[in-house]
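The values are calculated or read from the model by the stated rules, or taken from the named source; none is laboratory data. It should be emphasised that the depicted structure is a prediction, and the values quoted were computed from it without experimental measurement. These area figures cover heavy atoms from the full protein model, side chains too; ligands, DNA and RNA do not enter into them. Shrake-Rupley method; radii C 1.70, N 1.55, O 1.52, S 1.80 Å.
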Amino acid sequence: MIFDTLERLSQYKAVVPYAEEIAENLAKNDYVNLPQGEYRTEKSGILIQVQEYMSNPEPKFEVHEKFADIHIMLKGKEHYDAASILSSLPESFDSGKDIGFFDSKTEVRTTLLPGTFVLSYPMEPHRPRVAVDGKSEYTKKIVVKIPF
């Protein structure tokens, strides 16, 4: 897991595939004012999802096998939890959607605010959308899906 400010994303090019391309795309596009939906970078077609939702006091953990996620906060705030790396996929894993949901113990908690990002690699359990202080609030963010 990597947690940092968005302005430093391109500095992770040695450990984050497409980091420079993603940073360039984010600088060129006004995602704060774009509607929910799926967008792609021009060069490699990296998927960028604009999401709007109410944060949740008790969401499930999730894990991916083929994609890393970069969660970038645009509006609002949420906790983002991480747990120990899995040795196998959960029974709920949907290989077509590359996601599985399950319960786990939080080992690391960060708080995403506008201008920050967190990256989780494949097989790293993470729990986004966690309501701060248990109070649901409107949140808008980007999730970038990086093939690994």
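Counted over all Cα-Cα pairs of the range 21-79, pairs farther apart than 19 Å make up 38 percent. When the C-alpha to C-alpha distance is required to be over 29 Å, the pairs from LYS66/LYS140; LYS28/LYS140; LYS28/LYS60; LYS60/LYS140; LYS105/LYS135; LYS28/LYS75 that qualify are LYS28/LYS60. Taking Cα pairs under 8 Å and at least six residues apart, what relative contact order does the range 30-148 come out at, in percent? Over the range 30-148, the number comes to 43 percent. Summed over qualifying helices (DSSP H, 4 residues or more, each -39500 (n - 2.57)) and divided by its residue number, the chain shows a 222 nm mean residue ellipticity of -2000 deg cm²/dmol.
Taking the chain on its own, what percent of its Cα-Cα pair distances exceed 26 Å? Tail of the P(r) past 26 Å holds 20 percent of the pairs.
Think of a 1.4 Å ball rolled over the protein heavy atoms: the range 24-76 then has 53 Å² of accessible area per residue.
Tell me, what % of the accessible area of the range 76-136 is carbon and sulfur with a 1.4 angstrom probe? Ligands and nucleic acids excluded, carbon and sulfur give 50 percent. One decimal place: the segment ASN29-ILE85 gains 16.8 nm when fully extended, by the rule 0.36 nm per residue minus the C-alpha distance.
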